[in-house]
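S.K.: Here it is, the structure, as structure tokens.
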Amino acid sequence: QVPLVESGGGLVQPGGSLRLSCAASGSIFRANAMGWYRQAPGKQRESVARITTSGSTNFKASVKDRFTISRDNAKNTVYLQMNNLKPEDTAVYYCNTWPPTSPYWGQGTQVTVSS
């Protein structure tokens, strides 16, 4: 069983919105803060947002006013709502625990922001 599965990426124009979803196994989800990460071509993977088990959130400065992170404890799912997307948001987006657990890295979901 794949522990974390991301979905929801796609091609969107600048200024558009996307919502990413990450379905997690229950044991991982219930016990951990969860995070969204991204890796742009030629760059290192970076943390974008995180949410604790109690719902406290934290964001990378460049996305703070545009992205929101939430978790649905009944569905073992964490979401990343991305608004007012910019070309520099183009990357493969991953979810993982926070801090990340190496074996849990999945395939990610591609987000491309382009006109």
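S.K.: Whenever you get a sec, compute what percent of the accessible area on the chain sits on carbon and sulfur atoms (1.4 Å probe).
M.R.: Working: 2800 of 6060 Å².
Here it works out to 46 percent.
S.K.: Please list 30-39, 88-97 highest first by mean number of surrounding beta-carbon atoms within 10 Å per residue.
M.R.: Details: 30-39: 18.5, 88-97: 21.0.
Going from most to least packed, we get 88-97, 30-39.
S.K.: Compute, for the stretch 60-115, the length of the dipole vector about the Cα centre, with Cβ point charges of +1 (Lys, Arg) and -1 (Asp, Glu) only. Units Debye, rounded to 20. Don't skip to the end; give the middle numbers.
M.R.: Numbers: 6 positive and 4 negative charges, 21 e Å.
That gives the stretch 60-115 a dipole magnitude of about 100 debye.
S.K.: Now for a different question. Keeping every protein chain present and rolling a 1.4 Å probe, give me the accessible area per residue for the chain in Å². Walk me through the numbers on the way to the answer.
M.R.: Numbers: 6060 Å² over 115 residues.
Dividing the accessible area of the chain by its residue count gives 53 Å².
S.K.: What does the net charge come to around residue 69 if you take all other residues with beta carbon closer than 14 Å to its beta carbon, with K and R at +1 and D and E at -1? Let's see the in-between values first.
M.R.: Details: positive: 19, 38, 50, 60, 64, 66, 71; negative: 6, 65, 72.
So the environment of residue 69 carries a net charge of +4.
S.K.: How large is the helix-only mean residue ellipticity at 222 nm for the chain, computed as the sum of -39500 (n - 2.57) over DSSP H runs with n ≥ 4, divided by its residue count, in deg cm²/dmol to the nearest 500? Kindly include the intermediate steps, with their values, before the conclusion.
M.R.: Working: 1 runs with 6 residues, N = 115.
Per the formula, -1000 deg cm²/dmol.
S.K.: Further, regarding this structure: Please list the non-local residues whose amide H lies under 5 Å from the amide H of residue 58, H modeled 1.01 Å from N, same-chain partners needing a gap of 5 or more.
M.R.: The answer is 50.
S.K.: If contacts are Cα pairs under 8 angstrom and at least 6 residues apart, what is the relative contact order of the chain in percent? Walk me through the numbers on the way to the answer.
M.R.: Values: 272 pairs, mean separation 43.3, N = 115.
Once divided by the residue count of the chain, the mean separation gives 38 percent.
S.K.: On to the next question. Give me the count of lysine pairs in the chain whose alpha carbons sit under 17 angstrom apart, restricted to pairs 8 or more positions apart or on different chains.
M.R.: Details: 43/60; 43/86; 60/86; 64/86.
Lysine pairs, 8 or more places apart or on different chains, close enough: 4.
S.K.: Counting alpha carbon pairs within less than 8 Å and at least 6 residues apart, what relative contact order, in whole percent, applies to the stretch 1-53? Don't jump to the answer; show the numbers that get you there.
M.R.: On the way: 58 pairs, mean separation 14.5, N = 53.
Relative contact order comes out at 27 percent.
The values are calculated or read from the model by the stated rules, or taken from the named source; none is laboratory data. Remember, predicted model here, so these are calculated numbers, not experimental data. Cβ atoms come from the backbone with ideal geometry, glycine included; neighbour counts cover every protein chain shown. Each accessible area value is taken on the protein alone, full model and side chains, heavy atoms only, with ligands, DNA and RNA left out. Shrake-Rupley method; radii C 1.70, N 1.55, O 1.52, S 1.80 Å.
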